[in-house]
Amino acid sequence: MDSRSRDDERLAGEEIAVVGAGFGGLSAAAYLADAGADVTLFERNEHPGGYAGRIERDGFRIDTGPSWYLMPEVFDRFFDYFGRSTDEFYELTELDPLYEVVWKDGDRATMPADRAGQKALFESYEAGAGDRLDAYLDDAAEAYELGMDRFVYPSRSRLRDMVDLDVLRSGRALPKLRTMDDYVGDYFDHEKLRQIAEYKLVFLGGSPYNTPAIYTLMSHVDMNLGVYHPIGGIASVVDGMAALATDLGVEIRTETPVTAIEPSIAAVGPKFEVAFGASGGEAGTGAAASTGRFDRVVANAAPPHVERDLLPDEFARREAYWESRTYAPSAFLMYFGVEGDVDLDHHALVLPTDWRPHFETIFDDPAWPDDPAYYVHVPSKTDPEAAPEGHEAVFVLVPLAPGLDDDAETRERFRELVLDDLAEHADVDFRDRIAFEETACVSDFRERFNAPRGTALALSHTLGQTGPLRPAHRAPGVDGLYYVGAYTNPGIGMPMCLLSGEHVADAVVEDATGGVLPSVVPTSTLR
C-alpha cells in the first residue's frame, strides 16, 4: 500500500536509481518516492543496511556495524515526516547506566543516565568537576542546538549556503574551532574525565587531537539525550526503514550489485543507463545481467568507488582529491556467541590511561597498536533477541588505521592480544566458551563495501572536512548524479545519514522543479 504523508507528485514521471541501501540510501529513497518518483534501490548484499549489517546464526542476532542508538529525535523526525512513528517498526529501551569504562590501571566506572549521578562520578575524580560538568554540558547543549538548527537540519552542503544570517549570527561558535582536547581541557584536568568527554569522537572517525571542539555536542548527545537500544538491534531499525520505503513504493533489489553508471549524451530522454548484476548472484562479481534507464542516480556507495569503477573514463576522476583526504579509522571486529555470562555492561569501553599512542597509530604513524583502546558490546544484557537463554552475544571493536595490511597471521596475532588484554584488565575471558566466532577487518571493508583504504566509516570530521567542506551532494561534472551518506554533509553516523537522505532529496527536487521538499516538523530551538 502507499502510505505517502501528502499528495506530493512533483517528481511524478521521474525514474530514479539509488545505489546502496545504507541509512543514507534508504532515507533518500523514501523521500524521493514520497515526492512522486519511481525509485529502484539496488543493494549488493543480502540485506539492506550497508555497514549496519547483521549476523543471524544459532539463535544469536548481532549487529555487525553501528550499535549505539543516539539522537532519537532524528529518527522520530524521519518517520514523522511520512505520517508514521518509530514504535510502529521497533521498540526502544533506554539504557541506565549509559555505559561502563574499564581502565587498564584497574579502575572502573559506570556512567549513570541522570545528571546527579554523572556529577557525582566526575566529582569523585576531581574536586569541583561536578559543577564544571554542568557548565560543560550546558555548553555542549548550546553547541548541539546551534549545530543542528543552523548547520545540520538545513542543507548547507555548498559554501554559498554559509552566507546566511543564521550562520552569521553563529560567530560565538568560533572558539570551538580549536581541537576538542584543547577545549575540554578548559573544564577538566583529570585525564580520565577528558577521556569520558572525548571518546565519542571515535563515532565521528576522529581523535581528540584533530577534531574541532564544535563536536562537544556529542557529550550532549549521550549524557543529556540518553543512549537507547532497539530490541532486535540496529538491524530492526534498518528493517523498519526498508518496510517504510516499500510502503512508499520503492522497489528494493538486494543481492543486485550495480556494475556501471553510464551517463547519456542525448538531449532528451533518460540521462543514465545503469548496469546491475543478476538478483541472487554473488555481490560484486560477474558481468552485469541487466540494464535499466533512469533520469537520475543517487549513489550511497563511496564516491571514490563511483568515480573510479562505475563511471566511464571520460568523466571526472578526482584521484588526487580522494588521496589527499583524511579517512576515518578502519576497525578490527570480533563477533562471538558465548556460553554463560560475560561480566560487562551493554556498552563497555576498555581504555589505557594514556590513549594518545593508540590515536597516533591511527592518524600519524599507521600501525597495529600495542596497547589498544577498544569497545565491547554485549547486547544480550538488554535484548532477549540477541542470544539464546544462558548465552551472551559479544561484539569487540578496535579502531585501526585505514590501509593496514591485515593478513590472516596478523589478524590472529592481534585477536590473541586483544583477548589477553580483555582477560587481564577487565577480568573477562570466555575463550573456552565460544559457540561461534566471526571477524572483520580492513580488507573486508575494502572488498565488501568498496571503502577507500578499508575505512569502517568514511571521511573523518577534521576541520577541513566538516560541513560544506565535505564532498557535495551533487556529483561534480555529472548532471543528475548525486551522493548521499557518510561521505557527504552532514557526515558520519546513522542520524547524519538519515538527514543526508533528506538533503539529497531536496537537491533533486530543486534541480527537477525549482522547489524544495514540504516542510518537516519544526526543529528550531534558537531565536
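The values are calculated or read from the model by the stated rules, or taken from the named source; none is laboratory data. Every value quoted in this text rests on a predicted model; they were computed, and no experiment measured them. All Cβ positions, glycine included, derive from the backbone under ideal geometry; neighbour counts span all protein chains shown.
Descriptive notes on the structure:
- GLU323 without any contact (Cβ under 8 Å) to a residue 40 or more places away in the chain and within 30 Å of SER500 (Cβ to Cβ): yes
- Lone qualifier among PHE395, PHE445 - being modelled with pLDDT of 95 or more, part of a strand (DSSP E or B), in contact with a helix residue (DSSP H, G or I) (Cβ under 8 Å, 6 or more places away or on another chain) and of a type outside the set (S, T, N, Q): PHE395
- Flag if THR110 is at pLDDT 95 or above and within 27 Å of ALA299 (Cβ to Cβ): no
- Hits in the stretch 489-511 - residues which are in contact with a Gly (Cβ under 8 Å, 6 or more places away or on another chain) and of a type outside the set (A, V, I, L, M, F, W, C): ASN489, PRO490, SER500, GLY501, ASP511
- Where a residue in the stretch 498-518 is under 21 Å from TYR487 (Cα atoms) and in the same structural domain as ALA472 (by TED's automatic domain parsing) and its partner, wherever it lies, is among the β-branched types (Val, Ile, Thr) and part of a helix (DSSP H, G or I), with Cβ under 9 Å and at least six apart: LEU498/VAL74; LEU499/VAL74; LEU499/VAL152
- Checked against (1) at pLDDT 95 or above; (2) surrounded by 20 or more Cβ atoms within 10 Å (Cβ to Cβ), ASP432 meets all criteria but (2).
- Residue among TRP368, TRP322 that is of a type in the set (Phe, Trp, Tyr) and either under 27 Å from ILE196 (Cβ atoms) or over 22 Å from the mean Cα position of the chain (by Cα) (or both): TRP368
- Subset of the stretch 225-241 [assigned to a helix (DSSP H, G or I) and in contact with a Leu (Cβ under 6 Å, 6 or more places away or on another chain)]: MET241
- Among the residues of the stretch 472-489, the ones that are at pLDDT below 90 and buried (at least 20 other Cβ atoms within 10 Å of the Cβ) come to 1 in all.
- Members of the stretch 371-385 found to be under 21 Å from the mean Cα position of the chain (by Cα) and assigned to a loop (DSSP other than H, G, I, E, B), listed by number: ALA373, VAL378
- Evaluated against (1) touching a His at 6+ places or on another chain (Cβ under 6 Å); (2) among the hydroxyl-bearing types (Ser, Thr, Tyr); (3) modelled with pLDDT under 60, TYR153 falls short on exactly one condition, (1).
- Annotation note: Cβ proximity below 9 Å between a residue of the stretch 459-480 that is part of a strand (DSSP E or B) and a residue that is at pLDDT below 85 and surrounded by fewer than 20 Cβ atoms within 10 Å (Cβ to Cβ) (sequence gap 6+ or interchain) occurs for ARG474/ARG158.
- Scope the stretch 311-356; condition surrounded by 16 or more Cβ atoms within 10 Å (Cβ to Cβ) and among the aromatic types (Phe, Trp, Tyr); matching residues: PHE315, TRP322, TYR327, PHE332, TYR335, PHE336, TRP355
- Residues in the stretch 173-189 that are within 18 Å of ASP138 (Cβ to Cβ) and at pLDDT 85 or above: MET180, TYR183, VAL184, GLY185, ASP186, TYR187, PHE188.
- Yes/no for TYR51 being of a type outside the set (A, V, I, L, M, F, W, C), closer than 20 Å to LEU225 by Cβ and surrounded by 20 or more Cβ atoms within 10 Å (Cβ to Cβ): no
- When we screen LEU517, LEU463, LEU457 for residues that are among the aliphatic types (A, V, I, L, M), closer than 27 Å to LEU217 by Cβ and in contact with a Gly (Cβ under 8 Å, 6 or more places away or on another chain), the only hit is LEU457.
- Any chance GLU412 is at pLDDT below 95, out of contact with any His (no Cβ under 7 Å at 6 or more places or on another chain) and either crowded, with 18+ Cβ neighbours inside 10 Å or outside any strand (DSSP E or B) (or both): no
- Single unsatisfied condition, ARG448 versus (1) more than 19 Å from the chain's Cα centre (by Cα); (2) surrounded by fewer than 21 Cβ atoms within 10 Å (Cβ to Cβ); (3) under 30 Å from TYR487 (Cα atoms): (1)
- Flag for LEU217 being touching a residue at least 24 places away in the same chain (Cβ under 8 Å) and crowded, with 19+ Cβ neighbours inside 10 Å: yes
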